[in-house]
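Colleague: Got a structure for you, written out below as C-alpha cells; questions coming shortly.
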Amino acid sequence: MQNERQPLGLTKPVQGRALRLIQALITAAEAAGHTCSAGQTGFAPPSHRRRRAHPHFTITAQGQTVGFLVLQEQDRAEHVANEKELADAKKHSWVRIPRFDYTPSERFRFIISGGQPHRASEWADTPGRPLDEQLAEIAQEVTLRGEAVERRRRDEAEAARQKRIRWEAAMEQAEVPPANHHQTQKTTIGHRSDPSNSIHRSRAPRSRSQHHTHHHNTNTAPEHATKQPTAQAPPPETPASPPPDAKHQ
C-alpha cells in the first residue's frame, strides 16, 4: 500500500495515519493466528456505493474471511452557487445546482463484511473516541465471527453424526434377529406337516370340484333329454294271402 500513489484513495495528509491503523490491526490479527491479504487498495469507492465496494484488505479467522473497507469521511457544507452556475441553470433547463459541498476530512470509517455480525459492522472516528482506541474491539469482532463459523461447522458435523446413528439403528431394527428367524422357520415347517392342514387343503379342492361337476350336470341335463331318439311306430300289417286251396274252390 505504501508504494501506491494514492493508497486506498485517501488524501495525502491522512495516508500515514490510515496505514498505521491498518498495520496495528493486521499485527493483532496475526498474533491471534489469523491470516491477512491485500485487496483492491489503489482506489476510493464512489460515494453512491461506499459501503458496497470491494474490500481494501481481508483477515481470515478459522476459515471465515472478513473484508475491510477504509473510508475517508467527508464534511458537508451548504453550497453557494456562483454566477456561472446561475447563468447555466437559467440558460439550460437540465442544469442542476448542487445543494451541498463535500470536502475530505481527517476522520476514518472502517466497514467490515463477511460472517455473522456480533457487536457491529462499522467503526468510525468520533470526537470522544478515535479509531486508535477501538482497534481491540475490531480485532475481537473478527475473532468472534471466525468462532461462529467453527461452532456452526461442529454443530453440522454433530447433526450429521446423530443422523447416521439413527439411520443405523433403524436398519438394525428392520432386520429379523437370528432367533426369531429360526422360530419362524420352525413354525412354518410345523404348519406344513400338520395332517389336519393337509386334509383341509385336500378337501377344499374336491368340494369345489364336486360343486363344479354338479353344476355342470344340472346345466347339461336338458341337453341330453332333447338328444334322446323318439320311439318309432311299428309298420302296418300286410293282410295274409288265402291258402292255395281256397283259390281253387
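Colleague: Give me a comma-separated list of calculated 3J(HN,Hα) values for segment 70-79, in order, Karplus coefficients 6.51, -1.76, 1.60 applied at θ = phi - 60°, integers in Hz, x for any Gly or Pro.
Modeller: 9, 10, 8, 5, 10, 8, 10, 9, 4, 8
Colleague: What order do you get for 137-148, 76-87 when each peptide is scored by the mean count of other beta carbon atoms within 10 Å, highest first? Provide the component values of the computation, followed by the final result.
Modeller: Values: 137-148: 19.0, 76-87: 10.6.
Packing proxy ranking, top to bottom: 137-148, 76-87.
Colleague: Using +1 on the beta carbon of Lys and Arg, -1 on that of Asp and Glu, and nothing else charged, what's the dipole of segment 49-118 about the Cα centre, debye to 20? Show your work: numbers first, answer last.
Modeller: Numbers: 12 positive and 8 negative charges, 67 e Å.
With only Lys, Arg, Asp and Glu charged at Cβ, the dipole is about 320 debye.
Colleague: Extent of segment 115-166 along each principal axis, from alpha carbon coordinates, in Å, largest to smallest?
Modeller: 59, 13, 11 Å, listed from the longest principal axis down.
Colleague: Neighbour counts of other C-beta atoms within 10 Å: give me HIS54, HIS34, HIS92 arranged from fewest to most.
Modeller: HIS92, HIS54, HIS34
Each reported figure results from applying straightforward, stated rules to the coordinates on display, with no laboratory input. Note that the coordinates shown come from a computational prediction; the quantities given were computed from them, not determined experimentally. Note that we place each Cβ from the backbone using ideal geometry, even for glycine, and neighbour counts take in every protein chain shown.
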